[in-house]
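Notes follow once the structure below has been shown.
Every number here is computed from the coordinates shown, using simple stated rules; none is lab data. As the structure is a prediction and not an experimental result, all values here were calculated from the model. Every residue, glycine as well, gets a Cβ built from its backbone with ideal geometry; the counts of neighbours run over all protein chains shown.
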């Protein structure tokens, strides 16, 4: 339970897709002129991430990982298909988006009317593929956590686009320098919001411990290396002076 | 005889400034900015996009009469994904450290909007030679912005360029550091990239006022 909560808050605030990793920036900039459309796109992103991340987790676990094919029999245990993950993930995303579109259109026309136009846009949204790729590199251990990761990073993206859309609606009444109008000021505001979100970084101290340890160990290793190198140099110098002494 | 006709060279040169994919068309910002803290990563990213975009443009333009328009998005995604897998494997084989720094952002070239945008807008309607030049031009326009952002972030943030200490050594206080200069740690964090980009747009639009948006 605790790990679920931790992952949830971490993906929304600390590793926020927009502010920490710049994922989904294109649609973030293009569709954030009005709050209502921003809400629609944000909801669609949450929805699609919640579906595709667990799907791709299953693919990764039972098809792509090193040794993932072991369930087919021992002779398949050595295969490592992870180089195929890009093409499989994007194919899954494209099909899932189509499928979701068809299902939603069939069963909930009102939801389709509000989400529908955004769904095709989403197939090529970096946030969706990025969600699956980060799920893979961060080694999320089980499907429950993968589902959680999908939803919470979607919510993070939703919050970001909602905030920028609200700011952009207000900023229309401000006197922005002409060359900065539109795109330029949006970039700078996003940067400032990102700096704000960085302050969440210290929130979960429990998670910061392992990397620090790793750093100190690497530092230690480096120091040891330096010591060794110094020793070698000293030894050489000694040897040189010794040789010189002998030569004399 | 010129190597390229006037029209062809316009295809290459236009996206470099007045029709730049990042600052004007607002495409492909997604995977671009997270990796610009170091110049080296920015250059490698730009070269990868150059390869994927020019080759992909040629492939799509050769296939343009065969692809049924209903499934063209999937076909485009498969072409890009195949090219990106090649780039990723090459990077892992020859520059392993760098591929670790770029991590998932190589994979995210697939969903880089520049690539899909150029496929849709250009490669589907033009011959392979033109599509190739268009790909080169747009990838260079993208690369230029990456390199400028990377240059400023690495120079001001770490005082280095390509890992060389161009401003002196901050620990032993040589060069600029001897007169009290300090690295700006702010430039290393991700949001700084957005602010640098905002300033680039500002400079570009104050020089060429035709690009200013109506708010």
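Tabulated data for the structure shown
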item	result
Highest-first arrangement of B:56-64, B:94-102, where packing means the average Cβ count within 10 Å	B:56-64, B:94-102
Partner chain coverage, peptide A:124-137 - average Cβ within 10 angstrom	5
Relative contact order, percent, chain B [alpha-carbon distance under 8 Å, six or more residues apart]	32 percent
For peptides A:171-180, A:133-142, A:25-34, sequence by mean Cβ density within 10 Å, most packed first	A:25-34, A:133-142, A:171-180
37 °C / 0.692 mPa s Stokes-Einstein diffusion coefficient of the protein assembly as shown, Kirkwood radius on C-alpha pairs, µm²/s	136 µm²/s
Alpha-carbon centroid distance for the pair the stretch A:10-69 / the stretch B:158-215, whole angstrom	30 Å
Average partner coverage of A:167-179, which counts Cβ from other chains inside 10 Å	2
Packing-based order for A:74-81, A:42-49, using average beta carbon neighbours within 10 Å, highest first	A:42-49, A:74-81
Value of [θ]222 nm, deg cm²/dmol, for chain B, DSSP H segments ≥ 4, -39500 (n - 2.57) each, nearest 500	-19000 deg cm²/dmol
Inter-chain shielding of B:192-204 (mean C-beta neighbours from other protein chains, 10 Å cut-off)	6
The stretch A:1-121 - percent relative contact order, Cα under 8 Å, separation 6 or more	18 percent
Relative contact order (%) - criterion: Cα under 8 Å, at least six apart; region: the stretch B:116-215	19 percent
Calculated diffusion of the stretch B:17-151, Stokes-Einstein form, Kirkwood radius summed over Cα pairs, 4 °C and 1.567 mPa s, µm²/s	88 µm²/s
